[in-house]
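Nothing in this text is a laboratory measurement; each read-out follows from the coordinates by a stated rule. Just so we're clear, the structure is a prediction, and the values are computed from it rather than from any experiment. Every residue, glycine among them, receives a Cβ derived from its backbone with ideal geometry; neighbour counts consider all protein chains shown.
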Amino acid sequence: MNKVMSNKLMIALYVLPALLLIAILIFIPLILTGYYGLMDWNGIGTMEFIGLENYINGLQDPKFWESAYHSFLLAVFSTLSLVIYLAISLILASKIKGADLLRKIYLIPMLLSSVAIAQLWIKVYNPNNGILNSILMGLGVEHPPAWLAEPSIVLYAIFIPILWQYAGFYILIYYAALKNIPESLIEAAKIDGATPLQIAYKIKLPLIMGVIKVTIVLAIVGSLKYFDLIYVMTGGGPNGASEVMASYMYKLAFSTNDFGYGSAIGFLLLIITLIVTVIIRKLTASDDELQY
Amino acid sequence: MNRIGYTVLYICLGLVALFQIFPIVWLFLFSLKDNREIFSGSPFALPSELKWENYAKVWEGGIGIYFFNSVWITGLAIILTVLLASMATFAITRMKWKLSGFVLGLFMVGLMIPIHSALIPLFSMFLNVNLIDHPLSIVITYTAYNLPITMMILLGFYYTLPREIEEAAIIDGSSIHRLFFQIILPMTTPIMSTTVIINMIYNWNEFVFVNTFISSDKYKTLTVGIQNFIGQYMTDWGAIGATLIISVLPILLAFIFFSNKVVEGISSSAVKG
């Protein structure tokens, strides 16, 4: 038995195809990104080694920091929106009839591609015929804004479809966690005269704190990588007002063919994502995890 | 809680449901109208007559080929991913070797990677081996990038398989291949179907890789195809609506028929950071 199950050749045969794929298509490219960042390179011609110039330029590039700031804002919005999702989940998990159907309805936007969502919301925001301005004008607003063309509001306008897209996902996670809380705990608190709000605050939330922390990491790290929807909806515009880190990197490489500099920005994106992940994990880690 | 309290809660939940579903309903409504009706009538109105020709027009206008590409690329990548992930998970959880923990760790690190950080080297690698503008580049990239999450979902199930099954099979003289393909793999069907669903959603909706690696219309999938396509029909809202509905329909149908599997898959993908 042991001999068969520790046959080296067989192990290699079963693991290597998958391992080689992720090595060649994930890990080697990540290392190469850091390396290409040291080059002056247009993607096709010869590379010229220029040391840390791209990285230094990147750290001094106001456009990069502006895009990083937008990514950071999205991360803040996404984290704050968790409160709304949590509130909805608390209601949904409080013996509501049809909760199962409702959480499935909430999930539908999550199933659509970011491209389709972007195209749909371009139409929603259309200044003349979009559903939003139709409603606003119906309510008597005379000149509703051209949502995606205003530098001062475009990022907020983009955040609404993001909120819409992920609502079902987070509600699903919170709902499952809340349903895991033993009914006996809630019943005991009710007998002691606790109000529904007290039960939510003092019993339910502490008990699902572990899940809440995971979702905070997901929301923040996901926001730092955000790309598809913004790229399709505004292309980072108008005039960079909705540029995020990933879209800035993408433009540098595939629109201006500055592969060396694009790689450096891509590597900074990787480093920032990893550092933020570690910091949030540290901040949200706790050894007094509640047991029940 | 009293009845008024519950009524308020139901209204809140109903409004959220309306917010989630209404943009899609509106999309479906205008996909069946023509511009005159869209621009002059109420956005909430049902189409006066159903303009199914919007669908026929965009399907024949080129969406058909994007749709077909999406189907076979998504399907092939799903088969590869689930098969390779199952094999690797089997070797890591069931076979005995020293580096199994380390190798598992490598796959799990793959969950946290921002794909944009790997995009430029991937592009230049594919350029060097003549796979740029070749659908194979997309298939293997989808496979590689979905392996970690697929294995993550499979792991728990493989750990709970009883050892006795393997012992009995080996004592009966079964080879590793027979054990894996004829005994273990069929046993994991429920969890495999979850990974198939989640891979289907990811692959069908993927955008960046296709947008970067593929330039010919004949290889484009729906996400990228509808981009140029919509550019073409800039002002024809009915055509754009029909295009979008066609592109999201397969996933929505899968959701209607397998909603519990989809819910399960999406919940278990929550570890993807």
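Just a few scattered comments:
- Length-normalised contact order of segment A:25-183 in % [C-alpha pairs under 8 Å, at least 6 apart]: 24
- For segment B:87-153, applying the loop criterion from DSSP together with a ceiling of 16 other beta carbons within 10 Å to the trypsin sites (Lys or Arg not before Pro) yields B:Lys96, B:Lys98.
- Taking a ≥ b ≥ c as the square roots of the eigenvalues of the Cα gyration tensor, chain A is classed as oblate, since a/c reaches at least 1.5 and a/b does not exceed b/c.
- Shielding of peptide B:87-97 by partners, expressed as the average count of other chain Cβ atoms within 10 Å per residue Cβ, is 6.
- The residues neighbouring A:Leu155, those whose beta-carbon lies less than 15 Å from its own, together hold a net charge of -3 under the Lys/Arg +1, Asp/Glu -1 convention.
- Around A:Ser242: net Lys/Arg minus Asp/Glu count, Cβ-Cβ under 12 Å: -3
- Sites B:Ser175 and A:Glu142 - FRET efficiency at Förster radius 60 Å, r taken between beta-carbons, to 0.05: 0.20
- B:Leu253 paired with A:Ile56, simple spin-label distance in nm, labels 7 Å along Cα-to-beta-carbon: 5.9
- Cross-link pairs beyond the 26 Å C-alpha cut-off, checked among A:Lys213/B:Lys96; A:Lys123/B:Lys261; A:Lys95/A:Lys202; A:Lys282/B:Lys98: A:Lys213/B:Lys96; A:Lys123/B:Lys261; A:Lys282/B:Lys98
- Subtracting the Cα-Cα distance of A:Ser152 and A:Lys97 from their residue separation scaled by 0.36 nm leaves 15.6 nm.
- For the protein assembly as shown: rounded, prolate or oblate by the Cα gyration tensor [a/c cutoff 1.5]: rounded
- Gaussian network model of chain A, Cα within-10 Å springs - most flexible of A:Val141, A:Val232, A:Val276: A:Val141
- Taking every C-alpha pair closer than 8 Å and separated by at least 6 residues, the mean separation divided by the residue count of chain A gives a relative contact order of 30 percent.
- Mean partner shielding of peptide B:171-179, defined as the number of other chain Cβ atoms within 10 Å of each residue Cβ, is 2.
- Between the beta carbons of A:Ala194 and A:Lys282, assuming R0 = 45 Å, the FRET efficiency works out to 0.85 to the nearest 0.05.
- Residue among B:Asn54, B:Asn35, B:Asn146 with the largest mean-square fluctuation in a Gaussian network model of chain B, springs linking Cα atoms under 10 Å: B:Asn35
- Mean Cα-pair separation over length for chain B, i.e. relative contact order, pairs under 8 Å, 6 or more apart, %: 33
- Excluding same-chain neighbours fewer than eight residues apart, the lysines reachable from A:Lys251 by a Cα-Cα span under 19 Å are A:Lys63, A:Lys225.
- The simple spin-label model puts a point 7 Å past each Cα toward its Cβ; for B:Thr235 and B:Phe28 those points are separated by 3.0 nm.
- Environment charge of A:Leu197, counting only residues whose C-beta is closer than 14 Å and scoring Lys/Arg +1, Asp/Glu -1: +3
- When you filter the GluC sites (Glu not before Pro) in segment A:3-89 for DSSP loop state and at most 11 other Cβ atoms inside 10 Å of their Cβ, nothing is left.
- Using the Cβ-Cβ distance between A:Ile135 and B:Ile21 with R0 set to 22 Å, the FRET efficiency from 1/(1 + (r/R0)^6) comes to roughly 0.85.
- Across peptide B:17-29, the average count of Cβ atoms from other chains found within 10 Å of a residue's Cβ is 5.
- Cross-link partners of B:Lys218 among aspartates and glutamates (Cα-Cα below 16 Å; sequence separation of 8 or more within a chain): B:Glu60, B:Asp133
- Highest-MSF residue in chain B out of B:Ser193, B:Ser86, B:Ser70 [GNM, Cα springs under 10 Å]: B:Ser193
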